[in-house]
Amino acid sequence: MRTKAVLLLAFLSMAVLPLAAQLPLASSSTGSSNEQQQAPQPVIQSPLPLEQFSGSGIVDKPVPGVIKLSLLDALDRGLKHNLGLLLSQEQTGAARAQYLRSLSELLPHISGRASETVQQINLAAFGLPFTVNGSTIVGPFAVFDVRSVMTERLLDFSALNRLRSAAENEKAAKLTLQDARELVVLVVGNEYLLAVANAARLQSARAQLSTAQAIFQRAQDMKKAGVVAGIDVLRSQVEMQSRQQLVLAAENQLQKQMMVLARTIGLPVSQQFELTDTVPYAPVQELNLEEALAHAYARRPEYLAAASRMRAAELQVKAAHGEALPTLDLNGDYGVIGRNGPTAGQSYSVAAGVRVPLFQGGKVKADVLQAQSNLNQIKSQFEDLRSRVEFEVRSALLDVNTAEQQVAVARQSIDLAAEQLKQAQDRYSSGVSGSLEVVQAQEAVAGANETYIQALYLNNVAKLTLARALGVAEQQTRAFLQGR
């Protein structure tokens, strides 16, 4: 009989393990003891502030020389070093820890203990009219006890639903981490494109300075020949100095943007590096709006995370209702007991009990109301997010189309402005017009170049934004920037 009881205890202690193996591993929202139900408190991942993605949690050591940095190299560094992504990873780890607490509610709790007690008692103190050798004092006597103790909750619908809710919450945490990676790609890509645009502005400013210097030198030569007045020389000199100031400002802006990019991807701000990608213009293949929306709903990490959080909240409501249902517990121990080690004999106990909540002072109702209120809020946020996804996809497609048209117009403006400057220089050299017309033509060239640089930057950023809106920024950034 003793052997059967021990085998029954071992069998029941393992009864919950197959059930736990079938449960998805996820984060827990709460932890509760076997004796008391806890109110549901789901984990809701809140997005990190955007400024967190402008820094780096890991900064490499500076190396001598100049590093060659392509766009993909910058993205790889950002995905390893960016502060926002590292913080998101830690949030996922915290969610995992919460899951393990919730899982422990449905797994056996086993502990061991050993004790040796020496006692001497007075039987008269307990009202026992007995004497031993004429005295009511008994002892001293010893009790030696070594045993293992197991407690397990075999059935708890509330805890089971909390664990399933926790599974959805960790799934949401992992998707939130994936969304953080998408955001890193967008931030790093934008900073790289800004640096490329500033480098193009510096190159344009230097070219305009060279043109202004050539015009100033020609004006001086023409004044010496008596062809033009001194005001033309002065005007061309002012224009040249203005271009010198623009070059200095462009150099300063480029250096500052390079430091911003370095901070985003984990490079030391003192590290010298060179951009190797110019990210030229390439038209994007036409996308069908309905297909784009379907793709976004199927791939956007934050949308999928919101759906998981909504399912988790629904399970929390079920868990709150389950607090009013009975629970089944199993307790047992097995060990040896006696006056001392050599005389100790085996002993065990097995007990199963049902706990039926009869009155909890309105606690279950309060927990249900709280869980339902949380579910209603999450449902509203989910519907708003669905609308926002559609808005972002439509906006990104509009931005891409508009930016492509702006690039085409800006290209034509550059050609026209260059022709205007050429004709103005020819007229000035022929004495038909003064230097004012040349200066105005120079300003037109500078404006056309700036418009083109800005249009090209906006076009590439629109492509990045479209990739992010579709949920494929990390996988297809290169393809989108190359127009595929």
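In terms of packing, defined here as the mean over residues of other Cβ atoms within 10 angstrom, the peptides 325-333, 281-289, 90-98 line up highest first as 325-333, 90-98, 281-289.
Under the criterion of Cα pairs below 8 Å and six or more residues apart, the relative contact order for the chain equals 22 percent. Residues in the chain average 52 Å² of solvent-accessible surface per residue, probe 1.4 Å, ligands and nucleic acids excluded. Spacing of the modelled spin labels on I58 and K80, each 7 Å from Cα toward Cβ, amounts to 0.7 nm. What net charge is computed for the residues neighbouring V59, neighbours being all others with C-beta under 14 Å from the C-beta of V59, Lys and Arg scored +1, Asp and Glu -1? Taking every other residue near V59 into account, the sum is +3.
Segment 196-237 and segment 437-461 have Cα centres lying 18 Å from one another.
Once you keep just the Cα pairs under 8 angstrom separated by 6 or more residues, what percentage relative contact order results for segment 51-141?
Dividing the mean separation by the residue count of segment 51-141 yields 22 percent.
Working note: 222 nm ellipticity from helices only, DSSP H runs with n ≥ 4, each -39,500 (n - 2.57), summed and divided by the residues of the chain, gives -22500 deg cm²/dmol to the nearest 500.
Using a 1.4 Å probe over the heavy atoms of the protein chains, calculate the carbon and sulfur portion of the accessible area of the chain as a whole percent. Heavy-atom surface of the chain belonging to carbon and sulfur, 1.4 Å probe: 57 percent. For Cα Rg over 2.2 N^0.38 Å, the listed values are (1) 1.65; (2) 0.97; (3) 0.91; which was obtained by calculation from the structure presented? Among (1) 1.65; (2) 0.97; (3) 0.91, the one derived from this structure is (1). Here's the picture: charge each Lys and Arg Cβ at +1 and each Asp and Glu Cβ at -1 in the chain, and of T131, T264, A197 the one pushed furthest to the positive end of that dipole is T131. Highest-first packing order for the peptide set 109-116, 372-379 is 372-379, 109-116, based on the mean count of other beta carbon atoms within 10 Å. Rounded to the nearest 10 square angstrom, L369 shows an accessible area of 110 square angstrom against a 1.4 Å probe.
A simple count of charges around N198, restricted to other residues whose Cβ falls under 10 Å of its Cβ and scoring Lys, Arg +1 and Asp, Glu -1, yields +1.
Its relative contact order, with pairs defined as Cα atoms under 8 Å and 6+ residues apart, puts segment 396-454 at 42 percent.
Farthest towards the positive end of the charge dipole of the chain, among the residues V356, P280, S413, is the Cα of V356, using unit charges on the Cβ of Lys, Arg, Asp and Glu.
With both labels modelled 7 Å from their Cα along Cα-to-Cβ, the Y348 to A249 distance reads 8.8 nm. When +1 charges are put on Lys and Arg Cβ atoms and -1 charges on Asp and Glu Cβ atoms, the dipole computed for the chain relative to its Cα centre reaches about 820 debye. The amide H of D277, built 1.01 Å from its N in the peptide plane, has L71 as neighbours under 5 Å, considering only residues 5 or more places off or on other chains. The Cβ shell under 10 Å around T276 holds other residues with a net charge of -2, Lys and Arg each +1, Asp and Glu each -1.
The values are calculated or read from the model by the stated rules, or taken from the named source; none is laboratory data. Note that the structure is a prediction, hence the values are computed from the model and not measured. When we count neighbours, we look across all protein chains shown, and the Cβ atoms used for this are built from the backbone with ideal geometry, even at glycine. Accessible surface areas use protein heavy atoms only, side chains included; no ligands, DNA or RNA. Shrake-Rupley method; radii C 1.70, N 1.55, O 1.52, S 1.80 Å.
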